[in-house]
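The structure under discussion appears below in the form of structure tokens.
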Amino acid sequence: MNKLILGLLFSGVASVALAECPAPPDHSEQLETLIEAVKLAPDANAAQLITNDMWALWADAPDDTAQQMLDNGLLRRASHDLDGAKTAFEQLIEYCPSYAEGYNQRAFILFIQKEYEPALVDLNRAIELSANHIAAIAGKALTYIGLERDVEAQALLREAVKMNPWLKERQFLKDDAPEPETDL
């Protein structure tokens with residue numbers, strides 16, 4: 001038997017390839033409530049608690065298999081195994097292509113590795129799947145900064161800070177940044 005097939009069988013990936021990921025949980029109402037709450041937070045500590053609740057929603061994978069993949073990637077990233085984390089997030093995306101957090105997390109790895117263009121592709125997909133994913137929007141803004149596309153970065157930062165005025169990335173906002181051109 002081929003070594004690759006044996007490796008897949010022993011790693012459990014083959015069984016995942018045969019399974020089908022369910023639709024991601026719909027936390028849109030809860031997320032909207034948290035976005036409104038963070039806007040009213042009296043201080044950074046209160047805002048951080050609300051942000052943690054947002055992360056809990058974003059990190060709520062569609063099923064146990066997807067959750068294990070996400071958790072594995074996050075654990076690998078925390079231990080500075082970026083290649084292992086990227087592989088775990090790639091497996092998650094392959095298994096659950098409609099789950100935004102897989103794309104968001106892989107984009108973060110790509111960003112750390114200064115692979116900005118592929119990170120941007122993943123962030124666009126994450127935002128397409130979860131329009132109010134503040135972390136993905138802020139991540140896209142930082143990616144634009146990495147690409148030296150400051151006008152687009154500033155527009156996205158303003159959008160993210162509108163949703164969460166306590167966002168740490170607000171430090172990158174420039175008061176004198178030009179507004180992006182529109183076709184209006």
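The table below gives the values:
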item	result
Residue within the range 147-157 that is at pLDDT 95 or above and closer than 22 Å to residue 29 by Cα present	no
Restricting the range 23-37 to residues that are more than 19 Å from the chain's Cα centre (by Cα) and surrounded by 12 or more Cβ atoms within 10 Å (Cβ to Cβ), the residue that is farthest from residue 162 (Cα to Cα)	33
Matching residues in the range 94-111 - criterion: being within 13 Å of the chain's Cα centre (by Cα) and either on the phi > 0 side of the Ramachandran plot or surrounded by fewer than 20 Cβ atoms within 10 Å (Cβ to Cβ) (or both)	98
Which numbered condition residue 122 fails, given (1) in contact with a helix residue (DSSP H, G or I) (Cβ under 7 Å, 6 or more places away or on another chain); (2) surrounded by fewer than 16 Cβ atoms within 10 Å (Cβ to Cβ); (3) not aliphatic (A, V, I, L, M)	(2)
Where residue 86 falls short, out of the listed (1) in a helix (DSSP H, G or I); (2) free of Cβ contacts under 8 Å to residues at least 12 places away in the same chain	(2)
Of the criteria (1) over 19 Å from the mean Cα position of the chain (by Cα); (2) polar (S, T, N, Q); (3) closer than 14 Å to residue 105 by Cβ, which one residue 45 fails	(3)
The range 76-94, residues that are closer than 16 Å to residue 125 by Cβ and of a type in the set (A, V, I, L, M, F, W, C)	89, 92, 93
Enumeration of residues in the range 60-111 that are of a type in the set (S, T, N, Q) and either modelled with pLDDT under 95 or touching a helix residue (DSSP H, G or I) at 6+ places or on another chain (Cβ under 7 Å) (or both)	65, 72, 91, 98, 104, 105
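The values are calculated or read from the model by the stated rules, or taken from the named source; none is laboratory data. This one's a predicted model, so the numbers in the text were calculated from it and none came from an experiment. As a convention, Cβ positions derive from the backbone with ideal geometry for all residues, glycine included, and neighbour counts pool all protein chains shown.
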